[in-house]
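All remarks here apply to the structure that follows.
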Amino acid sequence: MEAQRGGTNRRRFLLIAGIPLLAVAGGTAYALKPSPPYRHQVRTDLEPLNSRLRPYLGELAEAHWVGYNIDAPGGDRTIPGPDARVRLVGVARMAAGGADAIVRNPEYDFGPGAQPSDLPEPLVPHVPGDAAWQHSPRFDAHANRAGAEGASPHVSGPYLFDTGRNLVCFDLVYLYM
């Protein structure tokens, strides 16, 4: 009988000690499991864009855009923490004649621009590949300057305009400090 009692105690000890070890091992395996890749969702609502870009682009008529926290794992849309970088990238149709009016302004000195690159995959179908983009570093500096109405103190990125389609393509990074 003495031998059975010892065996029972050993089983009980292994059971009591083994359950927490299994729980820790399962939790570790779950934490190490790779998460599915983040897929950017294309947005079409205009108010967030118009509130930021209206002072220098005017009212936007139609848009396809993506906004996400560059530094968050998977690009999750979260409240930006200190030193967070939020990317705002998209293409928008401007009010009638809007692109032409900006490009014709001689103080900006527009010239041919490159095709947008490094776009989030879901946004690519909305950006015409044959657009005649025009770019001005002076316009970028004007629209991104610290203290610009509607601009965050730290904004960078280009604006490209296609006057034939009345489009603007933007790829901006907002740094929240």
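Every number in this text was worked out from the coordinates using simple rules, so none of it is lab data. Since this is a predicted model, take the numbers as computed values, not measurements. A quick note on method: Cβ atoms are made from the backbone with ideal geometry, for glycine too, and the neighbour counts reach across all protein chains shown.
List of remarks:
- For q = 0.10, 0.24 Å⁻¹, Debye-computed log10 I/I(0) when each Cα of the stretch 84-177 counts as one equal scatterer: -0.26, -1.33
- FRET efficiency, 1/(1 + (r/R0)^6) with R0 22 Å, evaluated for ALA84 and THR44 via beta carbons: 0.35
- Computing FRET efficiency as 1/(1 + (r/R0)^6) for ASP109 and ARG54, where r is the C-beta to C-beta distance and R0 is 25 Å, gives about 0.60.
- Label-point separation, ARG138 to ILE16 (7 Å along Cα→Cβ), nm: 8.2 nm
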